[in-house]
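Working notes for the structure below.
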Amino acid sequence: MSHDDAPAYAPPVRRDGSGRDRSGRDGSVRDGSERDPHARLAPAVATVLGLLLAPPALFFWGLSGMATDSCGPDDCSPELMSALDVVDGALLLGGPLGAAACVAAWLLPRTRRWAVPRLWLSGLWLLPWPVVIALVADLPQG
């Protein structure tokens, strides 16, 4: 087999047969710029889980206002009001930020170099929904 018959994806080979390029390296790519075959896995799983967790979180957030029915919003305990404020903040601030993180996870380049940021952004998309569900499930007494 001559050098002209080599596949297009093979690293360049010098005519002297050493397999090294002019800089002395062997020509393989090791800087993280090769394509990641599992690049879509983390954003896809996070998107599905987020779409499953978001409706119950929004539903419980809507019901959380009824926690103040027995005491009125002015006479409720500070613990209950601060928990409701955290729920509101987690949803109203964390929801859009999480959605932006999900979009960013999908838009990152599909190379191995971006695998860890892609995982973190996918996890950030999921963060607000279980926080809201857990806080509403364990609201203090009014």
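Residues in the range 70-103 that are over 26 Å from Asp138 (Cα atoms) and crowded, with 17+ Cβ neighbours inside 10 Å: Ala101, Cys102. Among the residues of the range 127-138, the ones that are open to solvent by 40 Å² or more (accessible area, probe 1.4 Å) and assigned to a helix (DSSP H, G or I) come to 6 in all. Selection within the range 40-52: residues that are open to solvent by less than 60 Å² (accessible area, probe 1.4 Å) and either out of contact with any Leu (no Cβ under 7 Å at 6 or more places or on another chain) or not in a helix (DSSP H, G or I) (or both). The member of this set that is nearest to Pro109 (Cα to Cα) is Pro43. Only one of the numbered conditions (1) surrounded by fewer than 18 Cβ atoms within 10 Å (Cβ to Cβ); (2) within 30 Å of Ser33 (Cα to Cα); (3) charged (D, E, K, R) is not met by Arg118, and that is (1).
One line per residue, one yes/no per condition, for (1) within 18 Å of Met66 (Cβ to Cβ); (2) part of a helix (DSSP H, G or I); (3) more than 11 Å from the chain's Cα centre (by Cα):
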{"position": "Val87", "(1), (2), (3)": "yes, yes, yes"}
{"position": "Gly95", "(1), (2), (3)": "no, yes, yes"}
{"position": "Trp106", "(1), (2), (3)": "no, yes, no"}
{"position": "Trp114", "(1), (2), (3)": "no, yes, yes"}
{"position": "Pro117", "(1), (2), (3)": "no, yes, no"}
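Put simply, of Leu126, Leu91, Leu84 the only residue that is in contact with a helix residue (DSSP H, G or I) (Cβ under 9 Å, 6 or more places away or on another chain) and touching a residue at least 60 places away in the same chain (Cβ under 8 Å) is Leu126.
Scan Met66, Met1 and give me the residue that is out of contact with any Asp or Glu (no Cβ under 7 Å at 6 or more places or on another chain), at pLDDT below 55 and either open to solvent by 50 Å² or more (accessible area, probe 1.4 Å) or under 22 Å from Leu93 (Cα atoms) (or both).
Numbers: Met66 fails: at pLDDT below 55.
Matching residue, one of Met66, Met1: Met1.
The values are calculated or read from the model by the stated rules, or taken from the named source; none is laboratory data. Model, not experiment: these values are computed from the prediction. All Cβ positions, even for glycine, are placed from backbone atoms using ideal geometry, and neighbour counts span all protein chains on display. Only protein heavy atoms, including side chains, enter the accessible area calculation; ligands, DNA and RNA are left aside. Shrake-Rupley method; radii C 1.70, N 1.55, O 1.52, S 1.80 Å.
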